[in-house]
1. Check Leu151, Leu120 and return the single one that is in a loop (DSSP other than H, G, I, E, B) and open to solvent by less than 60 Å² (accessible area, probe 1.4 Å).
2. Could you tell me how many of the residues in region 39-59 are within 20 Å of Phe174 (Cα to Cα) and either open to solvent by 60 Å² or more (accessible area, probe 1.4 Å) or free of Cβ contacts under 8 Å to residues at least 60 places away in the same chain (or both)?
3. Give me a count of the residues in region 161-170 that are open to solvent by 100 Å² or more (accessible area, probe 1.4 Å) and outside any loop (DSSP other than H, G, I, E, B).
4. Scan Ile102, Ile78, Ile62, Ile92 and give me the residue that is touching a residue at least 12 places away in the same chain (Cβ under 8 Å), open to solvent by 60 Å² or more (accessible area, probe 1.4 Å) and closer than 30 Å to Ser169 by Cβ.
5. Quickly run through region 38-78 and pick out the residues that are touching a helix residue (DSSP H, G or I) at 6+ places or on another chain (Cβ under 7 Å) and farther than 14 Å from Ile140 by Cα.
6. Kindly list, by first and then second residue, each pair from a residue in region 132-145 that is farther than 14 Å from Gly52 by Cβ to a residue that is outside any helix (DSSP H, G or I), limited to pairs with Cβ atoms under 7 Å and residues at least 6 apart or on different chains.
Amino acid sequence: LGIATAEMLEFGEAYAKQTIKNAQALGQAMYELGFDVWTRLWTGVQVSLLIGVLSLIIDFTIGILYGSIAGFYGGTVIDNVMMRITEILGSIPTTVILIIFIAAKDTFLTAIQTLFHIKLSEVTGSFVILITAMSLTGWISVARVVRAQYLKLKDQEFVMASTTLGASSRRIIF
């Protein structure tokens, strides 16, 4: 129960030394206790990639939807209001939003758990906070690019033809 004998420690040291010697012969980097550097690095990268990919998926989804609606109604009050909202959100640095979310972590996690009727662990809650904070401002540049493309395409003949044939705004946007 957590008590190591001298023989166990000697065996562990010998095993670690042999593992390091074998790894060095193969050109692998190892810590002095026999842990593989590549394995530890890859474990950390998986977490970072998960957070980054989920944030990008959310960014692109929100940005494409928001930008397409703003671009379709370009030049109207709807477009002006939507783009002012993006400018206001874009003026707040992501780091400040992340600090606010971390400061209000318990309240934020309680709200998510109550809203979606789920139980989040401490680690999962931290991931949710990171992804939410990064996604809150990341979609803005995507929305601007999509809006610009919609403004360029909305005066094309195929859009006028579909409008003339009675296509709804929703059908034209999507």
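The values are calculated or read from the model by the stated rules, or taken from the named source; none is laboratory data. For clarity, every value in this text was computed on a predicted model and none was experimentally measured. For neighbour counting, all protein chains shown are included, and Cβ atoms are generated from backbone atoms with ideal geometry for every residue, glycine included. Accessible surface areas use protein heavy atoms only, side chains included; no ligands, DNA or RNA. Shrake-Rupley method; radii C 1.70, N 1.55, O 1.52, S 1.80 Å.
1. Leu120
2. 2
3. Here the count works out to 2.
4. So the residue among Ile102, Ile78, Ile62, Ile92 that is touching a residue at least 12 places away in the same chain (Cβ under 8 Å), open to solvent by 60 Å² or more (accessible area, probe 1.4 Å) and closer than 30 Å to Ser169 by Cβ is Ile62.
5. Ile51, Leu54, Phe72, Tyr73, Gly74
6. Thr137/Ile92
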